[in-house]
Amino acid sequence: MSETLKGRVALVTGGSRGIGAAVCRALAGAGVAVAINCRERIGQAEKLAGEISQQGGRAIVAAADVSQQGAVTSMIEHVAAGLGPIDILVNNAGIAITRGIDDLTEDDFDRTILVNLKSAFLCTQAVLPSMRARKWGRIVNISSGAARGAGSIGPHYNASKAGMEGLTRGYAARLVKEGITVNAVAPSLIETDMMSGQPQLISRIPLGRFGTADEVAKAVMLLVDNAYMTGQTIALSGGMAFN
């Protein structure tokens, strides 16, 4: 990793487990101070923060519902007071409510858009003033292969992730001259809690296994450490699809 990352401050939403936790560990390993956001799993977030601290890093827990503007504002203030202004934002928080067309409700749709898409908008808007003031920032949105493919969760999930990639390009185009890059990572079938109990899905993956959270984190780090790449989506699918 580039020396430019050392001493930077990152916020990872949904950072207490799975892909978010792997990203937190990778950032901390590069010398970045990490704010671990969670909504309910505070114990897991505290354990991860302790692990990072024991290894010589800096980490704090930033509990908040990132789908609510007031909570996001308070969280950003908490992180700034504890670690400093945020240089790196990883929008990873999300939910996956599996529904078919016939049992998909308006509430399912609204909740999915709120948590998966609006949260990324709220957090991005909240960190931009300090990034623009310093003319340096890295924003990475965790999308999904469902943004382009059919997926198995439902059309509401497809819409939320496709919207996130549109948000990525829209911000990237408008911030490109201000030292701020905005990119996305789109993993498919990663071995997390979401995939537990579904070994039959491995047959869909040409590589013959689920991806790992650490492999997704490596893609995130590639984007965080690259000043020339913006507005792009990196897909990780084990050979299921090609850009």
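Mind checking which pairs have a first residue in region 169-180 that is of a type outside the set (A, V, I, L, M) and a second that is surrounded by 14 or more Cβ atoms within 10 Å (Cβ to Cβ), Cβ under 7 Å, 6 or more apart or different chains?
Partner pairs satisfying both residue conditions: Arg169/Gly231; Tyr171/Thr124; Tyr171/Ile139; Tyr171/Val182; Glu178/Arg132; Gly179/Trp136; Gly179/Gly137.
If you check Arg132 against the conditions, is it assigned to a loop (DSSP other than H, G, I, E, B), touching a helix residue (DSSP H, G or I) at 6+ places or on another chain (Cβ under 6 Å), farther than 20 Å from Arg17 by Cα and touching a residue at least 40 places away in the same chain (Cβ under 8 Å)? Give the steps one after another, and end with the answer.
Working: assigned to a loop (DSSP other than H, G, I, E, B): no; touching a helix residue (DSSP H, G or I) at 6+ places or on another chain (Cβ under 6 Å): yes; farther than 20 Å from Arg17 by Cα: yes; touching a residue at least 40 places away in the same chain (Cβ under 8 Å): yes.
Criteria not met by Arg132.
Check every one of the strands (runs of 3 or more DSSP E) wholly within region 31-118 and list those with 3 or more residues that are under 23 Å from Asn183 (Cβ atoms). Give the steps one after another, and end with the answer.
Details: elements: 33-38, 59-63, 88-91.
Of the strands (runs of 3 or more DSSP E) lying wholly inside region 31-118, those with at least 3 residues that are under 23 Å from Asn183 (Cβ atoms) span 33-38, 88-91.
Yes/no per residue for (1) buried (at least 23 other Cβ atoms within 10 Å of the Cβ); (2) more than 17 Å from the chain's Cα centre (by Cα):
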site: Gly31; (1), (2): no, yes
site: Cys38; (1), (2): yes, no
site: Gly43; (1), (2): no, yes
site: Ala49; (1), (2): yes, yes
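Conditions first: (1) at negative phi; (2) crowded, with 21+ Cβ neighbours inside 10 Å; (3) modelled with pLDDT of 95 or more. Ala146 passes all but one, so which condition is the exception?
(3)
Within region 206-217, restricting attention to residues that are out of contact with any helix residue (DSSP H, G or I) (no Cβ under 7 Å at 6 or more places or on another chain) and surrounded by 15 or more Cβ atoms within 10 Å (Cβ to Cβ), which residue is modelled with the lowest pLDDT?
Gly211
Taking the conditions exactly as written (closer than 14 Å to Ile142 by Cα, in contact (Cβ under 8 Å) with a residue 12 or more places away in the chain and either surrounded by fewer than 20 Cβ atoms within 10 Å (Cβ to Cβ) or touching a strand residue (DSSP E or B) at 6+ places or on another chain (Cβ under 6 Å) (or both)), does Ala241 satisfy them or not?
Against the criterion (closer than 14 Å to Ile142 by Cα, in contact (Cβ under 8 Å) with a residue 12 or more places away in the chain and either surrounded by fewer than 20 Cβ atoms within 10 Å (Cβ to Cβ) or touching a strand residue (DSSP E or B) at 6+ places or on another chain (Cβ under 6 Å) (or both)), Ala241 does not qualify.
Can you find a residue in region 180-202 that is at pLDDT 95 or above and either part of a helix (DSSP H, G or I) or among the polar types (S, T, N, Q) (or both)?
yes
Tell me which of these Gly56 doesn't satisfy, since it passes every other one: (1) without any contact (Cβ under 8 Å) to a residue 60 or more places away in the chain; (2) within 23 Å of Ser130 (Cβ to Cβ).
Of everything listed in (1) without any contact (Cβ under 8 Å) to a residue 60 or more places away in the chain; (2) within 23 Å of Ser130 (Cβ to Cβ), Gly56 misses just condition (2).
The values are calculated or read from the model by the stated rules, or taken from the named source; none is laboratory data. Just so it is clear, the structure is predicted and the values come from calculations on it, not from any experiment. When we count neighbours, we look across all protein chains shown, and the Cβ atoms used for this are built from the backbone with ideal geometry, even at glycine.
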